[in-house]
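S.K.: Before I ask anything, let me first share the structure, which is written out below as structure tokens.
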Amino acid sequence: MSIRIFTTGGTIDKVYFDARSEFAVGDSLIDRILHEAQVTMPFTIEPLMRKDSLELDDGDRTVMLNAVLEASEAHVIITHGTDTMSVTARTLLDGGVKNHGKTVVLTGALNPARFQGTDAIFNVGMAIAAVQTQEPGVYITMNGQVFEGDRVRKNTTINRFESTYDQLR
């Protein structure tokens with residue numbers, strides 16, 4: 001099994017410049033995270049874009065969808081900003097990645113990977129585990145959970161992801 005990892009930016013890759021919280025999306029640290037965690041399975045990292053998720057549009061999501069569908073790997077991780085991660089998950093589901101036998105896991109961070117108190121390392125580890133164990137479909141790994149891509153939302157009030165499964169029944 002080999003994993004394709006697409007990076008798109010978001011908080012996980014942000015670099016802050018001053019006390020006013022001015023930032024830019026920097027180079028991804030995913031390669032360093034995986035090497036420090038001694039991940040031995042084959043993986044390929046491919047940057048798609050470097051954007052805050054609030055700047056992503058339908059065209060960007062189409063780029064992600066096409067990249068997933070064109071990837072030779074069946075197991076794909078996308079690092080993504082958290083604010084619109086669930087929108088992208090739904091786009092991937094609607095685009096038929098499950099029907100193409102793809103298992104896609106989106107993950108990100110509420111604190112940049114460059115910060116000491118980051119959740120990025122844990123979330124990336126969860127994504128590595130989830131992409132190997134879940135059936136084809138689209139998932140989000142955040143806050144120590146694996147969520148179905150069409151049954152999750154970010155609760156901005158408490159800055160956490162939560163299942164919308166109960167709200168759908």
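S.K.: Go over the candidates F23, F43, F6 one by one and state the one that is modelled with pLDDT under 85 and aromatic (F, W, Y).
M.R.: Numbers: F43 fails: modelled with pLDDT under 85; F6 fails: modelled with pLDDT under 85.
Residue meeting the stated conditions: F23.
S.K.: Moving on. Please enumerate the residues belonging to segment 91-118 that are part of a helix (DSSP H, G or I), among the aliphatic types (A, V, I, L, M) and surrounded by fewer than 24 Cβ atoms within 10 Å (Cβ to Cβ). Steps first, answer last, please.
M.R.: In the first step, residues of segment 91-118 are kept if they are part of a helix (DSSP H, G or I); the result is 91-94.
Checking the rest, the ones that are also among the aliphatic types (A, V, I, L, M) come to 92-93.
The one that is part of a helix (DSSP H, G or I), among the aliphatic types (A, V, I, L, M) and surrounded by fewer than 24 Cβ atoms within 10 Å (Cβ to Cβ): L93.
S.K.: Could you identify the single residue in I128, I121, I140, I77 that is crowded, with 24+ Cβ neighbours inside 10 Å, touching a residue at least 60 places away in the same chain (Cβ under 8 Å), among the β-branched types (V, I, T) and within 20 Å of G9 (Cβ to Cβ)? Break it down into steps so the answer makes sense when it comes.
M.R.: On the way: I128 fails: crowded, with 24+ Cβ neighbours inside 10 Å; I121 fails: crowded, with 24+ Cβ neighbours inside 10 Å; I140 fails: touching a residue at least 60 places away in the same chain (Cβ under 8 Å).
Going through I128, I121, I140, I77 in turn, the sole match is I77.
S.K.: Hey, among T88, T62, T44, which residue is crowded, with 20+ Cβ neighbours inside 10 Å and either in a loop (DSSP other than H, G, I, E, B) or among the β-branched types (V, I, T) (or both)? It would help to see each step written out before you state the result.
M.R.: On the way: T62 fails: crowded, with 20+ Cβ neighbours inside 10 Å; T44 fails: crowded, with 20+ Cβ neighbours inside 10 Å.
Every option except T88 fails the conditions.
S.K.: Tell me which of these Q38 doesn't satisfy, since it passes every other one: (1) modelled with pLDDT under 95; (2) on the phi < 0 side of the Ramachandran plot.
M.R.: The failed condition is (2).
The values are calculated or read from the model by the stated rules, or taken from the named source; none is laboratory data. Predicted model, so just to flag it, every value in this text is computed and none were measured. A quick note on method: Cβ atoms are made from the backbone with ideal geometry, for glycine too, and the neighbour counts reach across all protein chains shown.
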